[in-house]
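The values are calculated or read from the model by the stated rules, or taken from the named source; none is laboratory data. These numbers were taken from a predicted model, which means no experiment stands behind them. Methodologically, a virtual Cβ is constructed for each residue, glycine included, from the backbone with ideal geometry; neighbour enumeration extends over all protein chains shown. The protein model used for the area step is the full one, side chains on, heavy atoms only, and it has no ligands, DNA or RNA in it. Shrake-Rupley method; radii C 1.70, N 1.55, O 1.52, S 1.80 Å.
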Amino acid sequence: NIREYPLTPAYFRLLLNQVEATDGTTTERGNRLEHLATYLFLLVPGWVPVAKMKTDDQSSEHDIVVSNLNRTSDLSAELFGRRFLVECKNRKYPVRVGQVGYFLYRMRLTHCEFGVIFAQNGITGNEDEEKAARALLRRAFHEDGSICVVLDLNDLKAIADAKHTFYSLLLQRAQNLQFGGSGL
């Protein structure tokens with residue numbers, strides 16, 4: 001019944017420092033964030049992340065596909081589904097509306113009702129005004145029930161500082177999108 005294995009603080013801090021480093025190419029920086037995200041998903045019992053999955057026709061690549069392989073239905077399977085997509089954007093600027101829209105489109109193509117965007121500097125728009133990329137997240141939920149949550153560098157630091165767990169952040173963000181809330 002454990003929801004999440006404990007984080008190894010020193011290892012997670014090392015991964016976080018690598019994500020924050022500005023050296024390397026865009027691809028290298030993205031790979032570092034994918035590595036950190038993969039580690040976090042491995043902390044949830046039964047969740048198996050697979051990185052860099054390409055479509056059969058090689059037309060697109062999914063940064064991470066997470067499968068919930070628990071034998072019985074559980075809370076996480078009901079909320080997040082048996083499989084979901086993860087996008088990692090380790091850029092100096094917030095992720096723009098076009099990139100968020102393309103991720104939501106890929107969620108739809110793969111019949112995933114849940115997705116996570118790791119974006120070091122978040123996405124465009126803000127919670128209060130729901131402009132730009134943030135408005136797409138709300139619209140996608142209202143149109144087809146898909147839930148896409150965003151975790152940024154501040155969230156990753158909160159996990160490192162033991163202010164939140166990874167699983168609790170996912171639950172809270174999904175709940176906020178679906179029902180509204182104070183946010184984290």
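Please determine, by comparing only the residues of the stretch 28-60 that are of a type in the set (Val, Ile, Thr) and not in a loop (DSSP other than H, G, I, E, B), which one is least open to solvent (accessible area, probe 1.4 Å).
Thr38
Within the stretch 29-84, track down each residue that is over 23 Å from Phe141 (Cα atoms) and basic (Lys, Arg).
Arg29, Arg32, Lys52, Lys54, Arg71, listed by residue number.
In the stretch 68-107, which residues are small (Gly, Ala, Ser) and either more than 25 Å from Ile123 (Cβ to Cβ) or touching a strand residue (DSSP E or B) at 6+ places or on another chain (Cβ under 8 Å) (or both)?
Of everything in the stretch 68-107, those that are small (Gly, Ala, Ser) and either more than 25 Å from Ile123 (Cβ to Cβ) or touching a strand residue (DSSP E or B) at 6+ places or on another chain (Cβ under 8 Å) (or both) turn out to be Ser73, Ser76, Ala77, Gly81.
Can you find even one residue in the stretch 50-59 that is closer than 17 Å to Thr165 by Cα and not hydroxyl-bearing (Ser, Thr, Tyr)?
No, that holds for no residue.
Find all pairs meeting these conditions: Cβ atoms under 8 angstrom apart; at least six residues apart or on different chains; first residue within the stretch 3-25 and more than 30 Å from Glu78 (Cβ to Cβ); second residue open to solvent by 70 Å² or more (accessible area, probe 1.4 Å).
Filtered contacts from the stretch 3-25: Pro9/Ala162; Leu16/Lys157; Gln18/His35; Thr22/Lys92.
Taking the stretch 17-27 only, how many residues are open to solvent by 90 Å² or more (accessible area, probe 1.4 Å) and in a helix (DSSP H, G or I)?
2
Can you find a residue that is among the β-branched types (Val, Ile, Thr), touching a helix residue (DSSP H, G or I) at 6+ places or on another chain (Cβ under 9 Å) and at pLDDT 95 or above anywhere in the stretch 118-140?
No, the stretch 118-140 contains no residue that is among the β-branched types (Val, Ile, Thr), touching a helix residue (DSSP H, G or I) at 6+ places or on another chain (Cβ under 9 Å) and at pLDDT 95 or above.
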